[in-house]
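Novice: Questions regarding the structure given below will be posed in turn.
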Amino acid sequence: MIVEQKHWMTADEFNEAFALSQFLPGPNVVNFSVVFGSRFGGAPGAAVALAGLMGPPLLIVTILAILYARCGDIEMLSRILAGITAAATGLLISVVAKMAAPLFRKRWNWAPFIAIAAFVGVAIMQWPLPWVFVMLAPVSVALAWVKR
Amino acid sequence: MNDNPLIALAGYFALLSLFAVGGANAAIPEMHRISVEVMQWMTDRQFADSFAIAQVSPGPNIIIVTLIGYHVAGLAGAAVATAAMCGPTCVLAFLVARTWDRFKEARWRIAIQSGLVPVSLGLIAASAFVLARSADHTVVAAIITAVTALVGFATRINPLWIFAVGGLFGLSGWL
């Protein structure tokens, strides 16, 4: 929509802004709205884009939170949510598989080791995420630097 | 941390927002660790439910922090958790957006960008693991997860259909 209908950005600018928001920490879509908004109207533009993105969903999710607090004990609801969680977990696994495929295809590549180390640190050892990040990210970036 | 849950929410989520490369999906294990294990704000089940609600709601999945915040401290908690999770990273995004284009071809920029990909992959895989442990207590649930993973990998179906089918299976009482 941003590129094709409104011509707010070229496809290249869009990809660039998207890549940037992917790599920044925190929620990608939120980052994108800030990057996108700031291209147009600086800080006010970023604030408006963020408010537009987050406003309606926040309202809806707050209502859902209130409903869940009241009705979360209902057996039927918790069954439905359990089914959705099981499905959503599967989707997440498919996302991981899609992301991993290109990284694991190359031989003698360091990327899988970093990914596995991050997984083991966070999922198995249950270390705090900031620690794992501080240990691995510099190594990974350094390896990417050397490789080029 | 302080006894005041609002301060704890703000502190944990603001810190997390700066390390969660890969977005909401990468942040799930740390949110789970803090909410269920360290602070014991909610049960494993309540966390999994919050994840499910965030998945089916419109908008970014990071909105799970709003649900956690509400569970911990009502509307004020929802507001504080959301602001803490989005604030620091928004400021960072704003600052970086202004200088980023200038370094488009810079070697360090490319190294940072490609170096962070495997880290976020590992974190998202950890999310899937943590969620599977909370969600897949029964054989049927594990089968739903496995089938969804295959369908998600092989097709580009709208996730809402998958959630609808998962929800119906849940409703049937087989889980």
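The values are calculated or read from the model by the stated rules, or taken from the named source; none is laboratory data. All of these numbers come straight from a predicted model, not from anything done at the bench. Cβ atoms come from the backbone with ideal geometry, glycine included; neighbour counts cover every protein chain shown.
Novice: Within the bounds of segment B:75-96, is there any residue that is surrounded by fewer than 24 Cβ atoms within 10 Å (Cβ to Cβ) and touching a His at 6+ places or on another chain (Cβ under 6 Å)?
Specialist: No, segment B:75-96 contains no residue that is surrounded by fewer than 24 Cβ atoms within 10 Å (Cβ to Cβ) and touching a His at 6+ places or on another chain (Cβ under 6 Å).
Novice: Any idea which of A:Phe40, A:Phe104 is more than 7 Å from chain B (Cβ to nearest Cβ) and out of contact with any Phe, Trp or Tyr (no Cβ under 8 Å at 6 or more places or on another chain)?
Specialist: Answer to the check: A:Phe104.
Novice: Still on this structure, I have one more. Kindly indicate which of B:Arg102, B:Arg107 is more than 7 Å from every other protein chain (Cβ to nearest Cβ) and over 20 Å from B:Gly22 (Cβ atoms).
Specialist: B:Arg102
Novice: What are the residues in segment B:36-58 that are over 20 Å from B:His137 (Cα atoms), assigned to a loop (DSSP other than H, G, I, E, B) and touching a helix residue (DSSP H, G or I) at 6+ places or on another chain (Cβ under 9 Å), if any?
Specialist: B:Met39, B:Trp41, B:Ser57, B:Pro58
Novice: Follow-up question, since we're still on this one. Looking only at residues that are over 25 Å from A:Gln126 (Cα atoms) and in contact (Cβ under 8 Å) with a residue 12 or more places away in the chain in segment B:106-160, which one is surrounded by the fewest Cβ atoms within 10 Å (Cβ to Cβ)?
Specialist: Among residues in segment B:106-160 that are over 25 Å from A:Gln126 (Cα atoms) and in contact (Cβ under 8 Å) with a residue 12 or more places away in the chain, the one surrounded by the fewest Cβ atoms within 10 Å (Cβ to Cβ) is B:Leu160.
Novice: Next up: Between B:Ala73, B:Ala78, which is more than 7 Å from chain A (Cβ to nearest Cβ) and within 20 Å of the chain's Cα centre (by Cα)? Please lay out each step first, then the result.
Specialist: Numbers: B:Ala78 fails: more than 7 Å from chain A (Cβ to nearest Cβ).
Going through B:Ala73, B:Ala78 in turn, just one is more than 7 Å from chain A (Cβ to nearest Cβ) and within 20 Å of the chain's Cα centre (by Cα): B:Ala73.
Novice: Now for a separate question. Out of A:Gly83, A:Gly90, which single residue is facing chain B (nearest Cβ under 7 Å), among the small types (Gly, Ala, Ser) and under 19 Å from the mean Cα position of the chain (by Cα)?
Specialist: After applying the criteria, what remains is A:Gly90.
Novice: Does A:Ala49 satisfy the condition of being among the aliphatic types (A, V, I, L, M), within 9 Å of another protein chain (Cβ to nearest Cβ) and either part of a helix (DSSP H, G or I) or surrounded by fewer than 17 Cβ atoms within 10 Å (Cβ to Cβ) (or both)?
Specialist: no
This table checks each residue for (1) farther than 26 Å from A:Lys98 by Cβ; (2) part of a helix (DSSP H, G or I); (3) of a type in the set (Asp, Glu).
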residue	(1), (2), (3)
B:Thr66	yes, yes, no
B:Ala79	yes, yes, no
B:Met85	no, yes, no
B:Trp100	no, yes, no
B:Ile110	no, yes, no
B:Gln113	no, yes, no
B:Pro118	no, yes, no
B:Leu121	no, yes, no
B:His137	yes, no, no
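Novice: For B:Arg133, which of the numbered conditions (1) over 30 Å from A:Leu81 (Cα atoms); (2) in a helix (DSSP H, G or I); (3) among the charged types (D, E, K, R) fails to hold?
Specialist: (1)
Novice: Among B:Val38, B:Val72, which is out of contact with any strand residue (DSSP E or B) (no Cβ under 8 Å at 6 or more places or on another chain), on the phi < 0 side of the Ramachandran plot and free of Cβ contacts under 8 Å to residues at least 24 places away in the same chain?
Specialist: Checking each option against the conditions leaves just B:Val38.
Novice: Across segment B:26-51, what is the number of residues that are surrounded by fewer than 24 Cβ atoms within 10 Å (Cβ to Cβ) and touching a Leu at 6+ places or on another chain (Cβ under 6 Å)?
Specialist: 0
Novice: Residues to consider are A:Phe40, A:Phe36, A:Phe32, A:Phe14; find the one that is closer than 30 Å to B:Ala132 by Cβ and either assigned to a helix (DSSP H, G or I) or of a type in the set (D, E, K, R) (or both). Walk me through it before giving the result.
Specialist: Numbers: A:Phe40 fails: closer than 30 Å to B:Ala132 by Cβ; A:Phe36 fails: closer than 30 Å to B:Ala132 by Cβ; A:Phe14 fails: closer than 30 Å to B:Ala132 by Cβ.
Just a single option satisfies the conditions, and that option is A:Phe32.
Novice: Restricting the search to segment A:55-77, which residues are surrounded by 15 or more Cβ atoms within 10 Å (Cβ to Cβ) and either in contact with a strand residue (DSSP E or B) (Cβ under 8 Å, 6 or more places away or on another chain) or more than 7 Å from chain B (Cβ to nearest Cβ) (or both)?
Specialist: A:Leu77
Novice: Out of segment B:44-98, which residues are of a type in the set (Ser, Thr, Tyr) and modelled with pLDDT of 90 or more?
Specialist: Within segment B:44-98, B:Ser50, B:Thr66, B:Tyr70, B:Thr82 meet the criteria.
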